[in-house]
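The values are calculated or read from the model by the stated rules, or taken from the named source; none is laboratory data. What you see is a predicted model, and the numbers here were worked out from it, not measured in a lab. Neighbour counts run over all protein chains shown; Cβ positions are idealised from the backbone, glycine included. Protein only, heavy atoms only, side chains kept; ligands, DNA and RNA dropped before computing areas. Shrake-Rupley method; radii C 1.70, N 1.55, O 1.52, S 1.80 Å.
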Amino acid sequence: MIGSDVGSQGTNTALYDVNGALVASAYEGYDVSFPQPGWAEQDPRAWTRALHITISKVLQSVPHGPQAVKAISFGSQLDGMVVCDANGQPLRNAMIWMDRRAEAQASAVAQRLSRQDFYHHVGANLDSSHAAFKALWVKDHEPEIFARAARLMPPGSFVLMEAAGVAMVDYSNASSLALLDPRTRTWSEPVLEATGLNVRLFPELVAGTLGAGRVTKQFSAATGLSPETCVVVGCGDEMAATLGAGVFAPGEVCDVVGTAEPVCAVSATPREDQTMLVECHPHGDPDSWLLENPGFVSGGNLRWWRDQFCPVEREGESRGEGDAYDLLSGPAAGVAPGSDGALFLPCMQGAMAPEWNGAARGVFYGLTLAHTKGHLTRALLEGSAFALRDILEAMKAAGLEVRRLTIVGGGAKGALWRQIKADVTGLPVRVPQNVETTATGAAILAAVGSGVLPDVASAATAFVQYRPEEHVPNAENVEAYDEAYRRYRDVYFALKPVFERHAARH
C-alpha cells in the first residue's frame, strides 16, 4: 500500500506492507507564494511533481517490483480551492488553507444567511478560510478566469484527477468547501443558493474508501506504478492523520500538536455545538464523523519562548547537552501544577478557544517576584492544555462522551506536556509509535478501498501500534487544575473587552 500526505509545505509518501509495517518513505518540499498580505497560493502542478518523485523513490524499496503495490490513496490539505478548465488543468494558482483574502465574500454571504443558520446547514463556521469563499473571490475579482472554469475542487480532488483521471470528491474534502450538509452528505441547497455557486462545477460526491479506478497511463509512466494499481479516493489530511493515529471509534480524540493544535473527536452521528467552537465534518471513515476545532497556536508558542527568551538552553543544545525543549522542561517539571498562580493565554495569533476571536492576544498573568523561567515554561504548557479542555468541554456539550486522547505531531514527544494534558482534561493519553500519521491514514484507506482489508477498524488495528507508556490523570493534580482552569477562563473573559478595544483602534 502507498499513502501520500499532500501537505502545504511538501508531500510525504509512505510505502507499507500488507501487515501495516512501514517499509519506506520519501519527502519532496515545495513553496508557498504570498503575493499580498493575507494571500497564500501554490501551483497545483507542484503537488503532481512531488507525487511523481516520491512515489518513484519508495517503489525502489518494493522487493517484488511495482506490480506488488496494490493501491494508493491520499490525505490532502483541506480548505484549498483549485479552479480548473474542462481538461482538468488549473487556470490559476490554488488558494490554500491559510489564504484569508475572501473576507468580503464571507461577509456578503452573511448578509443573506446568518452565521448560526450557515453552521446549522453545513456544520462549518461562516469563515473566509473555507474554500467556497475563495471561489467567490475568483468570481468577483477574476471574472474572465471564472467564466472558463469547468471544475471547482479542493486539492484532494485535483491529485485524484491527476492519478486516476476522475472528477470525484470524498465527503471530508467536500465538507472543507463549507457547502456539504454533514447529516445527509449531500450538497446543501440553502448554502449553494446563498453563495450563488453552480453545483455542476463541483466533483461527484463519493466515500473516501471508494476504489476510483486504475492509475492513468501518464501517472503510471511518471511514477513507475503498475497500470493495474488501484487508486482509492482518500480524504482530508486532518482526517487521515486521525485515522493514522488509530482514532476511529466514537469518543476517541486526536490531538495534533504541531505549530498549531487541531483537535478532532470521532462521533457515530453528526452533532451540533451551540457555541460553534467545534465544527462537524464527515470522517475519512464513511461510518463516522469528526467534531473538530481547526487549531490554536500551541507548539508555535513554545518555539517562540525557546527562540526569544531561552538562549542558555539553545546554547546547551548546540554543545550536545540535550534538546533545548528537554532542557526547558526539566525545571518546569519541578513546578507545582498551576504554576503557583502564573498562567498563559495561548492567543498569540488570535484565539480558537475558548471561542473564535481574531482580536485576542497572548497574555502572561499573575506574575510575582517569586516566579522563575520554569514557572513560565510550565504556565505556557498548561495554557495550551486549558485551550484543549475548552474544546473537549464543547464536544461534551454537543452530546459526545470523550474517552481518551491520542497525541500526535512534534508536541507528542514531551512527557511533561502529555502528563499535564492528562491531568487538565482528566483523560488517559497515548502516543502512536509512528508519528507520520497522515500517510498512514491514507494507506489505511488504500487497504480498505482495494479490498485487501475489510473495513477501517481492522485496517487501523493492523497499521497502528502505540508506545507502551500511557499517561493517566493524577487525581491530586486534576483537582489543582480544575481551579487553575477556572482562573484561565476568568482572565480571558475579563480581558475580552480590552482585546476588542485594541482591535478597533488598530
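Pairs meeting the criteria (first residue in segment 16-34 and on the phi > 0 side of the Ramachandran plot, second residue open to solvent by less than 50 Å² (accessible area, probe 1.4 Å), beta carbons under 7 Å, at least 6 apart or on different chains) are Gly20/Ala462; Gly20/Phe463.
Among residues of segment 363-408 being under 24 Å from Thr259 (Cβ atoms) and polar (S, T, N, Q), the one that is nearest to the chain's Cα centre (by Cα) is Thr406.
Is it the case that segment 159-170 has a residue that's closer than 17 Å to Ile55 by Cβ, under 19 Å from the mean Cα position of the chain (by Cα) and either touching a residue at least 40 places away in the same chain (Cβ under 8 Å) or buried (at least 17 other Cβ atoms within 10 Å of the Cβ) (or both)? Yes, the conditions are met somewhere in segment 159-170. Taking segment 63-85 as the range and being open to solvent by less than 20 Å² (accessible area, probe 1.4 Å) and over 23 Å from the mean Cα position of the chain (by Cα) as the test, the residues that pass are Gly65, Val69, Ala71, Cys84. Taking segment 206-235, which residues are part of a strand (DSSP E or B) and touching an Asp or Glu at 6+ places or on another chain (Cβ under 8 Å)? Across segment 206-235, the qualifying residues are Val206, Arg214, Cys235. From the list Ala194, Ala174, the one residue that fits, being closer than 28 Å to Ala135 by Cα, aliphatic (A, V, I, L, M), in contact with a strand residue (DSSP E or B) (Cβ under 6 Å, 6 or more places away or on another chain) and assigned to a helix (DSSP H, G or I), is Ala174.
Within segment 216-226, restricting attention to residues that are among the aliphatic types (A, V, I, L, M) and in contact with a helix residue (DSSP H, G or I) (Cβ under 6 Å, 6 or more places away or on another chain), which residue is nearest to Pro66 (Cα to Cα)? Ranking the candidates gives Leu225 first.
Note on segment 16-123: enclosed helices (runs of 4 or more DSSP H) holding 2 or more residues that are of a type in the set (A, V, I, L, M) are 44-59, 103-112. Against the numbered list (1) open to solvent by less than 10 Å² (accessible area, probe 1.4 Å); (2) within 30 Å of Leu78 (Cα to Cα), Pro262 comes up short only at (1).
Filtering segment 356-366 down to residues that are touching a helix residue (DSSP H, G or I) at 6+ places or on another chain (Cβ under 8 Å) and outside any strand (DSSP E or B), which residue is surrounded by the most Cβ atoms within 10 Å (Cβ to Cβ)?
Step by step, filter segment 356-366, then rank; the result is Ala360.
Of all residue pairs spaced 6 or more apart or on separate chains, those with beta-carbon atoms under 6 Å, a first member in segment 396-414 that is hydroxyl-bearing (Ser, Thr, Tyr) and a second member that is modelled with pLDDT of 90 or more are Thr406/Ala245; Thr406/Val247; Thr406/Cys254; Thr406/Arg430.
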